[in-house]
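Okay, structure first, notes after.
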Amino acid sequence: GAVVSQHPSWVICKSGTSVKIECRSLDFQATTMFWYRQFPKQSLMLMATSNEGSKATYEQGVEKDKFLINHASLTLSTLTVTSAHPEDSSFYICSASAQGANTGELFFGEGSRLTVL
Amino acid sequence: LAKTTQPISMDSYEGQEVNITCSHNNIATNDYITWYQQFPSQGPRFIIQGYKTKVTNEVASLFIPADRKSSTLSLPRVSLSDTAVYYCLVGGFSGNTPLVFGKGTRLSVIA
């Protein structure tokens, strides 16, 4: 199946700093990518929908100024956690569907674990 | 998107067949049923997808009754490596539609 790659797979940062996570579709183009957050022992929670060439759509309760999403090309979306705090520590996962697909199989990245000290 | 209900957890011994049932009473006509598997600290992995009747692939079978208000994921002869969380998702998917995850079923396979 198609491959979605995230980088970094894990990152530790100090409180107050910003962290960027990249999500790439390696062998297909994705006009839309999705960002999820997952806390320990919990399910994935949709944060936002990233649209190539336009602004992201954020779910209710997700601060768009804190979680900056950029989807500059058909194969790359980035999530920047600005002024990170310990409560932002989580597992961030992106997903994408191949352009033109109509069965909705989403391919997920390996996830990026953020730890804010 | 239709809400799904699954058992929170299940235990099984190695070599047994495991059936995980998901209820989705409000499924819409154009909704597909998709199951994902997630290991700790990894992204979810697609297992199987179906619309009606039975679908089988190399790792699982998916049984969907005629009314489509439920579905059952069947894992034949599970091994320890099948210990994971299994999510049932329902939706009229397009490339622009996100998947909304429920709580999933935590399967523990015991030796």
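Of note:
- When residues in region A:1-34 are screened for being within 13 Å of chain B (Cβ to nearest Cβ), of a type in the set (A, V, I, L, M, F, W, C) and either surrounded by 15 or more Cβ atoms within 10 Å (Cβ to Cβ) or without any contact (Cβ under 8 Å) to a residue 24 or more places away in the chain (or both), 8 of them pass.
- Residue identified as surrounded by 13 or more Cβ atoms within 10 Å (Cβ to Cβ), more than 9 Å from every other protein chain (Cβ to nearest Cβ) and not in a strand (DSSP E or B) among B:V100, B:V78: B:V78
- B:S108 modelled with pLDDT of 95 or more, assigned to a strand (DSSP E or B), more than 28 Å from A:A56 (Cα to Cα) and over 14 Å from the mean Cα position of the chain (by Cα): yes
- Selection from region B:21-42 of residues that are within 13 Å of chain A (Cβ to nearest Cβ), outside any strand (DSSP E or B) and either of a type in the set (D, E, K, R) or surrounded by 15 or more Cβ atoms within 10 Å (Cβ to Cβ) (or both): B:D31, B:Q42
- Selection from region A:3-16 of residues that are within 17 Å of the chain's Cα centre (by Cα), assigned to a loop (DSSP other than H, G, I, E, B) and not β-branched (V, I, T): A:P8, A:S9
- Qualifying residue in region A:27-37 (condition: at pLDDT 95 or above and either over 14 Å from the mean Cα position of the chain (by Cα) or closer than 16 Å to A:S97 by Cβ (or both)): yes
- Selection status of A:I93, at the interface with another protein chain (Cβ under 8 Å from one of its Cβ atoms) and either hydrophobic (A, V, I, L, M, F, W, C) or in contact with a helix residue (DSSP H, G or I) (Cβ under 7 Å, 6 or more places away or on another chain) (or both): yes
- If you check A:T57, A:T80 for being among the β-branched types (V, I, T), in contact (Cβ under 8 Å) with a residue 60 or more places away in the chain and farther than 20 Å from B:Y87 by Cβ, only one passes: A:T80.
The values are calculated or read from the model by the stated rules, or taken from the named source; none is laboratory data. From a predicted model like this one, the values you see are computed outputs, not experimental measurements. Cβ coordinates were reconstructed from backbone atoms using ideal geometry, including for glycine residues, and neighbour counts include every protein chain displayed.
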